[in-house]
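The structure under discussion appears below in the form of structure tokens.
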Amino acid sequence: LTDVTDTSKACSFRTLDLASIGEALAVQYVQPPTAAPEWARWLEEIGFIVGERVMLMARGLPGGDPLVVRVAQSTFALRRAEAACIGVTPVNQTDTQDIEA
């Protein structure tokens with residue numbers, strides 16, 4: 001679990017709530033909101049750790065909430081607010097086989 005306290009670092013990454021459906025990503029940080037610091041531990045426990053592969057699978061209708069997210073070999077529904085705590089970067093297309101399996 002990496003806690004980004006310098007928001008200038010966080011700005012160089014996108015958050016999972018802004019990802020495109022089907023885009024292969026890797027977790028770069030988890031930054032819970034000040035009002036809910038327990039989210040960091042919970043997100044780590046379900047697999048959102050630095051370096052782990054993640055993919056947005058679907059958005060709920062109406063309004064795009066919740067999000068269906070695959071992390072490693074598990075699939076979860078996350079609220080957009082939770083997904084907004086997870087900083088991600090794109091993964092090379094040659095490395096996506098683990099996510100899509």
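Points worth noting:
- Checking each residue in the stretch 15-26 for being surrounded by fewer than 19 Cβ atoms within 10 Å (Cβ to Cβ) and either part of a loop (DSSP other than H, G, I, E, B) or more than 10 Å from the chain's Cα centre (by Cα) (or both) picks out SER20, ILE21, GLY22, GLU23.
- Scanning the stretch 28-73 for residues that are polar (S, T, N, Q) and within 9 Å of the chain's Cα centre (by Cα) gives a single hit, GLN28.
- Test: residue in the stretch 28-46 that is among the hydroxyl-bearing types (Ser, Thr, Tyr) and modelled with pLDDT of 95 or more: yes
- In the stretch 27-79, the residue that is farthest from VAL91 (Cα to Cα) out of those that are loosely packed, with under 12 Cβ neighbours inside 10 Å and among the acidic types (Asp, Glu) is GLU38.
The values are calculated or read from the model by the stated rules, or taken from the named source; none is laboratory data. Everything quoted here is computed from the prediction, not taken from an experiment. Glycine gets a Cβ as well: all are built from the backbone with ideal geometry, and neighbour counts include every protein chain shown.
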